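Engineer: Quick one: this structure, given as structure tokens, is what I'll be asking you about.
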């Protein structure tokens, strides 16, 4: 079983749509499943959970082999993602695919890159199998600015 975190967000919803279009059965984690309308697609099981509440992750993580770890760049994303790694390990998840950032480095002058480096180090030392993705930018993040871009 696959669990997608951030599955109702801008980038996560694209992952959900792609997995669904390929006929993959999986779970999408949502803090509020009532707001998950755009990702209620074939094969998707919407599960309620919040990375700030480890207890709420127990059910969604049960039976999961692979978790895709992606969340909004909130000020506390490091704490949330590190807590998720702990919960995933406790639940017996075998692999975490982490969406990080190009240039993730504890010595970076950018807090965002520093934060991703902290989470990467946590994952690397967790004993879990992992895959790290370090994109430069998610272009779909510009969609929210489409009207402004069109108007010049």
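Coordinate-derived values only; no laboratory data. Values in this document were obtained by computation on a predicted structure and should not be read as measured data. In this analysis, Cβ positions are derived from the backbone assuming ideal geometry, glycine residues included, and neighbour counts consider all displayed protein chains.
Engineer: Per residue of the chain, what 222 nm ellipticity follows from adding -39500 (n - 2.57) for every DSSP H run with n ≥ 4, rounded to the nearest 500?
Structural biologist: Taking each H run of at least 4 residues, the total per residue is -11000 deg cm²/dmol.
Engineer: If you rank 77, 84, 99 by fewest surrounding Cβ atoms within 10 Å, what's the result?
Structural biologist: 77, 99, 84
Engineer: Sketch the reach of a paramagnetic label on residue 121 as a point 7 Å from Cα along Cα-to-Cβ, and name the residues of the stretch 65-87 whose backbone nitrogen lies under 14 Å away.
Structural biologist: Residues 78-79, 82 qualify, since their backbone N sits under 14 Å from the label point.
Engineer: Any chance you could check the Cα centroid distance between the stretch 14-45 and the stretch 71-97 for me, in angstrom?
Structural biologist: 19
Engineer: Defining a contact as two alpha carbons under 8 Å apart and six or more residues distant in sequence, what relative contact order in percent does the chain show? Could you put the intermediate results ahead of the total?
Structural biologist: Working: 270 pairs, mean separation 30.1, N = 152.
Relative contact order for the chain comes out at 20 percent.
Engineer: Over the residues of the chain, compute the C-alpha Rg and express it relative to 2.2 N^0.38 Å.
Structural biologist: Relative to the rule-of-thumb radius for its length, the chain sits at 1.05.
Engineer: Please arrange 116, 70 by how many other C-beta atoms lie within 10 Å of their C-beta, fewest to most. Don't skip to the end; give the middle numbers.
Structural biologist: Numbers: 116 27, 70 22.
Taking fewest neighbouring Cβ atoms as first place, the list is 70, 116.
Engineer: I would also like to ask the following. How would you rank 66, 44, going from fewest to most other Cβ atoms within 10 Å of each one's own Cβ?
Structural biologist: Result, fewest neighbours first: 66, 44.
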